[in-house]
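K.L.:
Following this message is one structure expressed as structure tokens.
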Ligand code: ATP
């Protein structure tokens, strides 16, 4: 399984900089995601890694050897597309066998790979069918099998689950992760869905306007967002801007106490689930959304609203005055990002 390094990758379309010097490392056998809003450059970066697009600057290395100018066919990688891109006139088995045949892999080995993948992806009842006789989830599995049939060291996923409904998406993404462990490949996965990125990845690269704004393990990105953009993009965040004095900030809800005794103008954030009922902060409940296991409670004070995620059994009504608390360790001081 390869280790991929992308060094200072820049891509320019006309006078528009789609990527502005991106550095990325995908460790051997790891699962990394390129996450970010529409237009941030995720697909452009994936296309550079696949060899479909030449960067205007920067270099790519696989296991230390430079591959920047290598054509896609000779790279040890395969792409799994959002659109499935299956051949409509070929059966499921022939779609899967297509890559190995192209690469002139022996007949017996091709049959063995097709049989294995059909079994691993639960397609036993569909091998002789044409793609249009399959559901979206089944077609996505065939597309995955087709990418894996050439036994690539690096598998590139371009939003592969975005055409599936939520339940199926959860199921197929669990299968992709299990398959990665079983078959063994390094995965680079493009998504704009933060929940998907948190659930799947060893490392998340969060892109914003052509740069990596933060990279790290899902927990690190979620609990220690560096900037307002990261805090906002990953999950829900309550933000307060103001003056810190010895780690304390005056907000319309009361005095917020951070873990570090910092001083100066700052922006801090906390997650809705960090809040606890009872304490020295308070406001008026302006909206309540019961979610079963938990309840989203919106609390307003001095024209500002924060969101609290509290246990679902609590009976809270609009108009209530709610006292709450946010533990110091749940409050993160943000740095200025490029958007600040
Ligand atoms: P999405 O989630 O919408 O697919 P993305 O993060 O994958 O977004 P890219 O497709 O990488 O975004 O595009 C990044 C930026 O580069 C966008 O602003 C896009 O309009 C622009 N772009 C992409 N391809 C080209 C091209 N061939 N010519 C000109 N501009 C392009």
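The values are calculated or read from the model by the stated rules, or taken from the named source; none is laboratory data. Given the structure is predicted, the values throughout are model-derived calculations rather than measurements. Heads up, the Cβs are rebuilt from the backbone with ideal geometry, glycines too, and the neighbour counts pull from every protein chain shown.
K.L.:
Against the definition (buried (at least 18 other Cβ atoms within 10 Å of the Cβ), in contact (Cβ under 8 Å) with a residue 24 or more places away in the chain and over 17 Å from the mean Cα position of the chain (by Cα)), how does residue 244 come out, yes or no?
P.N.:
Here the answer is yes, as residue 244 does meet what is asked.
K.L.:
Determine, yes or no, whether residue 177 is part of a helix (DSSP H, G or I) and touching a residue at least 40 places away in the same chain (Cβ under 8 Å).
P.N.:
Yes.
K.L.:
Looking at 82, 102, 70, can you tell me which residue is away from the ligand (no atom under 15 Å from the Cβ) and under 30 Å from residue 136 (Cα atoms)?
P.N.:
102
K.L.:
Continuing with the same structure: Might you check whether a residue that is within 27 Å of residue 149 (Cβ to Cβ), surrounded by fewer than 20 Cβ atoms within 10 Å (Cβ to Cβ) and either in contact (Cβ under 8 Å) with a residue 40 or more places away in the chain or within 16 Å of the ligand (Cβ to nearest atom) (or both) occurs anywhere in region 34-44?
P.N.:
Among the residues of region 34-44, at least one is within 27 Å of residue 149 (Cβ to Cβ), surrounded by fewer than 20 Cβ atoms within 10 Å (Cβ to Cβ) and either in contact (Cβ under 8 Å) with a residue 40 or more places away in the chain or within 16 Å of the ligand (Cβ to nearest atom) (or both), which makes the answer yes.
K.L.:
Then there is this: Taking residue 82, is it under 23 Å from residue 163 (Cα atoms), at pLDDT below 90, surrounded by 12 or more Cβ atoms within 10 Å (Cβ to Cβ) and in contact with a helix residue (DSSP H, G or I) (Cβ under 7 Å, 6 or more places away or on another chain)?
P.N.:
In short, no.
K.L.:
Do we find that residue 45 is part of a helix (DSSP H, G or I), at pLDDT 95 or above and assigned by TED's automatic domain parsing to the domain that holds residue 175 in this structure?
P.N.:
So residue 45 fits the description; yes.
K.L.:
Turning to a different aspect of this structure: Look through region 7-30, keep the residues that are within 9 Å of the ligand (Cβ to nearest atom) and within 22 Å of residue 154 (Cα to Cα), and return whichever of them is surrounded by the fewest Cβ atoms within 10 Å (Cβ to Cβ).
P.N.:
Checking each candidate, the answer is 11.
K.L.:
Let me ask you something else. Tell me which residues, restricted to region 116-138, are farther than 14 Å from residue 183 by Cβ and part of a helix (DSSP H, G or I).
P.N.:
124, 125, 126, 131, 132, 133, 136, 137, 138
K.L.:
Something else now. If a residue has to be touching a strand residue (DSSP E or B) at 6+ places or on another chain (Cβ under 9 Å) and in a loop (DSSP other than H, G, I, E, B) to count, how many in region 19-42 make the cut?
P.N.:
9
K.L.:
Every residue in region 286-310 that is in contact with a strand residue (DSSP E or B) (Cβ under 6 Å, 6 or more places away or on another chain) and more than 15 Å from residue 253 (Cα to Cα), please.
P.N.:
Passing the criteria: 287, 288, 289, 294, 295, 296, 309, 310.
K.L.:
Those residues that are assigned to a strand (DSSP E or B) and either crowded, with 17+ Cβ neighbours inside 10 Å or touching a helix residue (DSSP H, G or I) at 6+ places or on another chain (Cβ under 8 Å) (or both), I need them from region 48-75; list them, please.
P.N.:
Matches in region 48-75: 58, 60, 62.
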